[in-house]
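The values are calculated or read from the model by the stated rules, or taken from the named source; none is laboratory data. Treat the numbers as computed from the prediction; the structure is a model and nothing was measured. Quick reminder, even Gly has a Cβ in these numbers, built from the backbone with ideal geometry, and neighbours come from all protein chains shown. Side chains are part of the model used for accessible areas, which takes the heavy atoms of the whole protein and leaves out ligands, DNA and RNA. Shrake-Rupley method; radii C 1.70, N 1.55, O 1.52, S 1.80 Å.
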Amino acid sequence: MPMESPLAATEPPRDCPRCPRLVEFRHECRAEFPDWWNAPVPAFGDPEAWLGIIGLAPGKHGANRTGRPFTGDYAGDLLYATLDKFGLSRGTYAADPDDGLRLEGAIILNAVRCLPPENKPTPQEMNTCRPFLETQIAALPRVRAFIALGFIAHQSTLRSFGLKPSRHAFGHGARHALPGGRILFNSYHCSRYNTNTGRLTAPMFEDVFRMAMDEAA
């Protein structure tokens, strides 16, 4: 089982009822894989973080299985290797929530907390889940920079700050000013599809983290 959320008071309940389609899919997964987490995935990382990383949603065989963001699938391999390279983690990532890994200076949140079918939440589900993201952002006053992993995370982060996505085009390496002097950086999602097709390489991914570190220094 995963460690307690660093933002426990902001998390949805384990049987969150807000999105009927996601609830139905959760029940299907519990029936098929009763030993998996199969619930909203909590935040993971440092509650005093300066960097917030916003993901899309749990992957079926990753976070939905293990209960920790980006843990157990390929996307986590690249993300946690990058966090280690920039000194934002301690311990060794072993794709297991009991591996002892901890983050220092960074925290991982998701735009949608429950597993969506085919990894595709609907606009209504994104809107319904957004209050949890907004509450968690408000609980992280030390965060000076955010990295949105993919277009949906980009949109949800902007809307959490009351900004219109139409005025802030998504693009890998793009920089967007947020209220309160915070900055949002965009990255293509670190999915196996993006890395296998060459859309995202490890150096490209690292460049975004380097930009965030330079901005927040």
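Heavy-atom accessible surface of the chain, averaged per residue, reaches 45 Å², computed with a 1.4 Å probe. log₁₀ I(q)/I(0) of region 166-217 at q = 0.18 Å⁻¹, via Debye over equal Cα point scatterers, no solvent, to two decimals? With no solvent term, the Cα-only Debye profile gives -0.62.
Would you mind classifying region 113-173 by shape? Square roots of the alpha carbon gyration tensor eigenvalues, ordered a ≥ b ≥ c; an a/c under 1.5 is rounded, otherwise it is prolate if a/b is larger than b/c and oblate if not. Oblate is the answer for region 113-173, as a/c is 1.5 or above yet b/c matches or exceeds a/b. Here the spin labels are modelled as points 7 Å beyond Cα on the Cα-Cβ line, and at THR197 and LYS85 they lie 2.2 nm apart. Sorting 34-40, 196-202, 54-60, 185-191 by their mean Cβ neighbour count within 10 Å, with the most densely packed peptide first, gives 54-60, 185-191, 34-40, 196-202.
Evaluated on region 57-140, the Kirkwood hydrodynamic radius is 13.7 Å, with distances taken between all distinct Cα atoms. In the chain, Rg over Rh equals 0.93, where Rg is the alpha-carbon radius of gyration and Rh the Kirkwood radius from pairwise Cα distances. With R₀ set to 30 Å, the beta-carbon distance separating ALA8 from LYS164 gives a calculated FRET efficiency near 0.40.
The spacing between region 1-68 and region 141-174, judged by their C-alpha centroids, is 21 Å. Nonpolar atom fraction for the chain, defined as the carbon and sulfur part of the 1.4 Å probe accessible area, stands at 52 percent. For the chain, the relative contact order works out to 21 percent when only alpha carbon pairs closer than 8 Å and six or more residues apart are counted. For region 15-95, the fraction of alpha-carbon pairs lying more than 17 Å apart is 51 percent, rounded to a whole number. Projecting the alpha carbon convex hull of region 92-217 along each direction and taking the average yields 8.7 nm².
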